[in-house]
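> Handing you this structure, nothing more for now.
Every number in this text was worked out from the coordinates using simple rules, so none of it is lab data. Just so you know, these numbers come straight off a predicted model, no measurement behind them. Glycine gets a Cβ as well: all are built from the backbone with ideal geometry, and neighbour counts include every protein chain shown.
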Amino acid sequence: MSLQGEWKRLKRRVHRLGERLHAWRDAARVHARNAAHPARVLFVDGGSNLGQGFEWFARRYDDGKIAFHLFEPNPNCHPALERLRARYGERMEIHAAALGTAEGEMKFYGLAEGGELSQGGSLLKSHNSTYYEAREDAAIEVRVMDFPAYLERQAERFDTIVVKMDIEGAEIDLLEALLEGGAHRFIDTLYVEFHAQYQAEPERSRLRARERALVARLKATGMRVRIWH
C-alpha cells in the first residue's frame, strides 16, 4: 500500500476511535443526567437496516430501562429487526416507515439494483448514482413518518431523545426541515451519517457544501452532533 493509502487508513482508524469515545461519553452523560428517571430516555434509530448500527449503540446506551424506536422502510430488513424485538420486549418499537417531513407514502429505490433481496435502498433516486442508475419501475411504495411531529409527541413522554440517523441521502433535507420548523430542539444528541460521497459529480460537491453548513447550524443550536460512518 502507498504512503498516501496508509495515511488515509490511519485517519479512518483514528476517526472511528473518536466516534467510539464520543458514544461512551454521551451515553454516560445521558444516564447520569436522567438517573432519577431512567425510563424517560429514548433512543431513535432512523434507518435501522438489519440492526447492525443499533446493536452497536445499544451496547453503550442500554441500561435495561431506556426505550428504543427503530425505523426501517425496507421490507427485506424487517425479519431481522423482529428478532431484535424478542430480545428487548416492550421497550422496543419497530416502525416500518421512512423518516420524512410529512405523513404519507414515497417511492423507495435501489432494491432491484442490489438484488431481489437487497437490504439497501433510499427515498432518493439519485442515491448511489456513483454505482448505478436506480430503476423507476422497480421502486416500491413505502410509508413515510412525519418526523418533526413524531419528535414533538415523544418529547411529551421522554426527557431526553437521542437520534441515530442513517437514511441514505435523505438526511440533509430532513435535518434542514427540523431546523426551519424548530423540531431540532427535541434532540439532545444526533449521530448522523452523510452520503454525499455516493453521489456522482457535480452533485457530490454541492451536497458536501450543504452538509458542512448544516452541521455548523445544528451545533450552533447547542445540539451535540456526531458525524458517523
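> Can you pull out the GluC sites (Glu not before Pro) in segment 181-229 that DSSP calls coil and that have at most 12 other Cβ atoms within 10 Å?
Sites meeting the loop and neighbour criteria: none at all.
> Which whole-Hz ³J(HN,Hα) couplings does segment 19-34 yield from phi under the Karplus relation 6.51 cos²θ - 1.76 cosθ + 1.60, θ = phi - 60°, glycine and proline marked x?
4, 5, 5, 4, 5, 4, 5, 4, 4, 4, 5, 4, 5, 5, 5, 10
> Just to confirm a number: summing +1 for Lys and Arg and -1 for Asp and Glu over residues other than G222 whose beta-carbon lies under 10 angstrom from that of G222, what do you get?
+2
> Net charge near G181: determine it from the other residues with C-beta under 13 Å of the C-beta of G181, scoring Lys and Arg +1 and Asp and Glu -1.
Neighbour charge sum, excluding G181 itself: -4.
> What length, rounded to one decimal in nm, is gained on full extension from R226 through to S2, with 0.36 nm per residue of separation minus their alpha-carbon distance?
Here the segment from R226 to S2 would lengthen by 77.6 nm.
> Tell me the label-point distance for the pair K219, D62, using the 7 Å Cα-to-Cβ offset, in nm and rounded to one decimal.
3.2
> Counting other beta carbons within 10 Å of each Cβ, put V163, V144 in order, fewest first.
Exposure proxy ranking, most exposed first: V144, V163.
> Which aspartates and glutamates have a Cα less than 17 Å from the Cα of K65, not counting those fewer than 8 places away in the same chain?
Within the straight-line cut-off, K65 pairs with D26, D45, E55, E90, E93, D159.
> Cross-link candidates for K107: which aspartates and glutamates have Cα within less than 12 Å, leaving aside residues fewer than 8 places away along the same chain?
E136, D137, E141
> Tell me, in nm to one decimal, what length is gained between H78 and E90 on full extension, where the rule is 0.36 nm per residue of separation less the Cα-Cα distance?
Answer, rounded to one decimal: 2.6 nm.
> Further question on the same structure: Could you tell me the calculated FRET efficiency between S205 and A36, based on Cβ-Cβ distance and R0 = 41 angstrom, to the nearest 0.05?
That pair, S205 with A36, gives E of 0.30.
> Say each of Q154 and E180 gets a label point 7 Å from the Cα, pointing the same way as Cα to Cβ; how far apart are those two points in nm?
2.2
> Given a Förster distance of 30 angstrom, what is the FRET efficiency for W24 paired with A138, based on the Cβ-Cβ distance and rounded to 0.05?
0.15
> If a/c stays under 1.5 just call it rounded; otherwise compare a/b with b/c (prolate if a/b is bigger, oblate if not). Do that for segment 168-223, with a ≥ b ≥ c from the square roots of the Cα gyration tensor eigenvalues.
prolate
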